[in-house]
Amino acid sequence: MAKSEQGTLHTTDSSARGSRQLLAIHAVRGYPLMIVVTNDEALVLAGWSDLAEVVMVITAVAIILIVLLGVVFMRQVKMQARMTGYVIANEAAERAKAVAEASNKAKSHFLANMSHELRTPLNAVIGFSELLTAQYFGSLNEKQFEYVSDIHKSGKHLLDLINGILDMAKVEAGRYELKESTFDIESLFNDALKLVTVGATTAGVNLVHKHVSKPIRVLADRRALLQVIINLLSNAIKFTGRGGTVTLAGSLAVDASLTISVADTGCGIPAARLATIFEPFQNSNSEQARNRDGTGLGLSISQALVKSHGGTLSIDSVADRGTIATVHLPASRTIESGFFVGLDRSMRRAGPTTGLRDAV
C-alpha cells in the first residue's frame, strides 16, 4: 500500500481478470461521491520493471568488470614483484661474478708474477742437494745420503708443483701464448719417450711405440704438445703395475685429423672419479696415488693446452683393466707428406697465435 496526495492506493487480487490490480479511491469534495479507479498492476509497473532489469544487468556487468580488473591488477603486481626479484637476483649474481672474476684474476696475476721469487730458492736447494748427493765435497754416510736424497726429491716435487700452479695461473690469466711451428709427429713421440724411459724402467713398465703409417707433420706449439704427451705417459706409468704395458700411438683419420693415444694396462679409474678427472689437484686414483709423486695438475694443464690447439682430450677407463687417454687434433693442424691435406686449410685457421683464454 502506498499513499498519494489524492488518496490511498490499494492492491487487490481480481479473480475476474486473473491478475493483481491497483485500486485508488478518491472522494469528491462537496458531494457524497466516491470515485474508484482500478488498473492492472503489471501494466502500471511495466516501465519500472524494465528499468530495474537494466539497472541490475549494468550492476552485474560492473561487478564482473571490477572483479576482472582486480584479478588483472593482482597478476600485474605479482608479475612486477617477480620481475623486480629477477632483476635484483641478476644484479646480485653479476656483482658476485664480477667480484669472483676480479679475485681470480688478481690470484692468477699474483701467481704468474711469483715465478722468479719461488723458483730461484728452490733451484738453489735442488742444485746444492745434487752436489751433496754426488759427494763433491766429501763422502756421506748412509743416513746423510738418505736425508740429502729426500731433500732433493722433495725439492723436485715442490718445483713441479709450483711449475704446474704457475702454468695454470698463466692459462687463467690469458698469458699463455702458443709458439707455433711445424714438426714431425714421430720426432715428438721419440723425445717424449726418451724423457719417461728412465721412470718406466725403474717402475718395471714396458713402453711400446706404435709408429704412424706415413710421415705426418703438425702445425702446433711443440713444447706444449710435448708436455701433454709427457703428462699422459707419466700418469700411465705411475698407475701401471710392474710388468704392465704403456702404449703410445698416433694415427691420421680420413678427414686428416690426428689422434694421439696413450693406453695402459694399469689399475684404471673408478667410474665415480671420471667426472672430476680434469679438475685441478684431482688424482685419477686416490688410493694408488697416496704413495706416488704427483701434483694433480697434469690432466688439467694437458686439457687446456689441447683445447688451445682446437682439439679435445678424453679419458676412457675401466677399473682394474686400464685407461686410454686420447688427444684429437683437427685437420687444420696436420700436414701429410709435406703438403697440406686440404687446399683451404690455411683459410680455415682461426688466425695467428692465440692465448688460452680464447680457447679454454
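Checking 169, 124, 93 one by one, the residue that is surrounded by 11 or more Cβ atoms within 10 Å (Cβ to Cβ) and free of Cβ contacts under 8 Å to residues at least 60 places away in the same chain is 124 and no other. The number of residues in segment 204-229 being surrounded by 14 or more Cβ atoms within 10 Å (Cβ to Cβ) and farther than 16 Å from residue 263 by Cβ comes to 11.
Residues that are out of contact with any helix residue (DSSP H, G or I) (no Cβ under 8 Å at 6 or more places or on another chain) and exposed (fewer than 12 other Cβ atoms within 10 Å of the Cβ) within segment 132-161 comprise 134, 136, 138, 139, 141, 142, 143, 146, 150, listed in sequence order. Scanning segment 134-170 for residues that are part of a loop (DSSP other than H, G, I, E, B) and either of a type outside the set (Ser, Thr, Tyr) or within 30 Å of residue 106 (Cα to Cα) (or both) yields 134, 135, 137, 138, 140, 141.
Check whether at least one residue in segment 189-206 is part of a strand (DSSP E or B), more than 33 Å from the chain's Cα centre (by Cα) and within 20 Å of residue 245 (Cα to Cα), and report yes or no. Yes, segment 189-206 contains at least one residue that is part of a strand (DSSP E or B), more than 33 Å from the chain's Cα centre (by Cα) and within 20 Å of residue 245 (Cα to Cα).
Considering (1) at pLDDT below 60; (2) surrounded by 15 or more Cβ atoms within 10 Å (Cβ to Cβ), say which one residue 247 fails and leave the rest. Status for residue 247: all satisfied but (1).
The values are calculated or read from the model by the stated rules, or taken from the named source; none is laboratory data. Keep in mind that this is a model prediction, so the values were computed, not measured. Note: ideal-geometry Cβ built from the backbone for every residue, glycine included; neighbour counts use all protein chains shown.
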